[in-house]
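Below is one structure; the comments refer to it alone.
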Amino acid sequence: MCANIVEKAGIAGSGKGLAGWFNLTEASVSYDHPFHVDIEHALNIDFVNPAAGLGERVSVELTLESARALSVALLAALKRAEAYERS
Amino acid sequence: MPTTTDKYEGMVAETITIPGQDGDMIHAYYARPTGPGPFPGVVWLHHFPGWDEWSKEVTRKLAYHGYAAIAPDLYCRVDHGAPEDVAVKIRGMGGVPDPQVVGDAAGARDFLRSQANASGKVGVIGTCSGGRHAVLAASCSQGFDAVVDLWGGGVVMKPEDLNEMRPVSPVDYTKDLSCPILGLFGNDDRAPTPEQVNVHEAALKEHGKNYEFHRYDGAGHGFFYYDRPQAYRAEQAVDGWKKVLDFFGRTLGS
């Protein structure tokens, strides 16, 4: 919690955790100390459903470069998806 | 101090429940040497990854060195599960409220001081967010005899970073600090940066506080963490632990 950078988003969808698929309600995006990847700070995304309990979590810990690449891919796919839905 | 090889030594380490802020009952990991004492006490405030294995391990290390050591679970009120699962939930909440942590630290201190074999001296220590919390506890709750800040990030905060959980920059409480402080920092750290450490040191100097700051070249954040290869710095960690134990020996006895 030293960098103190956290953004949250309400989401709808599904994620696959340790116990299988579950409904997602929230994504927490932070720049903080990661648990696993061996860098000082990571861009962390935690997909969770607080009502379903602590174990219902899908998390990724990314380098900044990876997070940037992911965001570009996400926005590009989103743009095409929205165009598809409009057609 | 550790005994010689011909002496019996023992330790008890276990989870207990203690009153924290507002009398809330919270879990704490309590490791202490066996024997009549008197034993000085140390409150260990865990880092962001939570009330985890490392936090409990260092509590036992302090017990080995003659301290009744206690690590309160600062996330106890929120949930229970694997430490990192709890920590992720805490991260999503933006942390835990500073005043609550101060109250929990004071509760742990008072528990230690109330033991029949306590010497009466109690210090507080933490790494990372725990270092920040240790500074807060020693500043906002009178009654600690020593504080160790191990690279606490956010002791010096920008106004725009203040929020409901962290309403005051800890450095602004410096005038209220009532015990000696030891600080260990890596010069490659970015939370705190060397510049932020300078600001903290200047405040301690301005208010005439008893402080010792040591800054290590070739080290960044978390240089004690042997389970984090990119962060761990053996030489600096060995020297750092010596400084911590020497400081507690001088301020608390052992």
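For peptide B:222-232, what's the mean number of Cβ atoms from other chains within 10 Å of each residue's Cβ?
2
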TODO: Name the long-range amide H neighbours of A:GLY17: under 5 Å, sequence gap of 5 or more, or other chain; modelled H, no Pro or chain starts.
DONE: A:PHE22
TODO: Summarise the long-distance tail of P(r) for region B:120-177 by giving the % of C-alpha pairs beyond 18 Å.
DONE: 28
TODO: Please say if region B:183-245 is rounded, prolate or oblate, where rounded means a/c under 1.5 for a ≥ b ≥ c the square roots of the C-alpha gyration tensor eigenvalues, and otherwise the choice is prolate for a/b larger than b/c and oblate otherwise?
DONE: oblate
Task: Likely footprinting exposure, A:ARG86, A:ARG57, A:ARG80, B:ARG77, fewest C-beta neighbours within 10 Å first - done: A:ARG86, A:ARG80, B:ARG77, A:ARG57
TODO: Rounded, prolate or oblate: pick one for chain B, where a ≥ b ≥ c are the square roots of the eigenvalues of its C-alpha gyration tensor, a/c under 1.5 means rounded, and failing that, prolate if a/b is larger than b/c, else oblate.
DONE: rounded
- [ ] Amide H neighbours of A:ASP32 under 5 Å, at least 5 residues apart or on other chains, H built in the peptide plane: list them.
- [x] A:ALA42, A:ASN44
Task: Chain lengthening between B:MET11 and B:PHE213 when straightened (0.36 nm per residue, less Cα-Cα) - done: 69.6 nm
- [ ] Go ahead and estimate [θ] at 222 nm for chain A from helices alone: -39,500 (n - 2.57) per DSSP H run with n ≥ 4, summed, over the residue count, rounded to 500.
- [x] -9500 deg cm²/dmol
TODO: Pairs of Cα atoms under 8 Å, at least six residues apart: use those to get the relative contact order of chain A, whole percent.
DONE: 21
Task: Vicinal HN-Hα couplings computed from phi for region B:95-108 (Karplus, 6.51 cos²θ - 1.76 cosθ + 1.60; Hz; Gly/Pro x) - done: x, 10, x, 3, x, 5, 5, 4, x, 5, 5, 5, x, 5
- [ ] Kindly identify the protein assembly as shown as rounded, prolate or oblate by the Cα gyration tensor criterion: order the square roots of the eigenvalues as a ≥ b ≥ c, call it rounded if a/c is under 1.5, otherwise compare a/b with b/c, prolate if a/b is larger, else oblate.
- [x] prolate
Task: Cβ-based exposure ranking for B:VAL238, A:VAL6, A:VAL48, in which fewest neighbours within 10 Å come first - done: B:VAL238, A:VAL6, A:VAL48
Task: Those lysines that a straight Cα-Cα span of less than 16 Å connects to B:LYS205, excepting residues fewer than 8 apart in one chain - done: B:LYS175
Open item on the list: If the only charges are +1 at each Lys and Arg Cβ and -1 at each Asp and Glu Cβ, what is the size of the charge dipole of the protein assembly as shown around the Cα centre, to the nearest 20 debye?
Closed with: 220
Task: Dimensionless Rg over Rh [region B:147-232; C-alpha; Kirkwood] - done: 0.98
Task: Likely footprinting exposure, A:CYS2, B:CYS179, fewest C-beta neighbours within 10 Å first - done: B:CYS179, A:CYS2
Task: Restricting region B:2-105 to chymotrypsin sites (Phe, Trp or Tyr not before Pro) in coil, as DSSP defines it, with at most 12 other Cβ within 10 Å - done: B:TYR8
Task: Å³ per residue enclosed by the Cα convex hull of region A:28-87 - done: 96
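Rule-based calculations on the coordinates, nothing more; no lab input. Keep in mind that what you see is a predicted model, and the values were worked out from it rather than measured. Please note: Cβ atoms are built from the backbone with ideal geometry, for glycine as well, and neighbour counts cover all protein chains shown.
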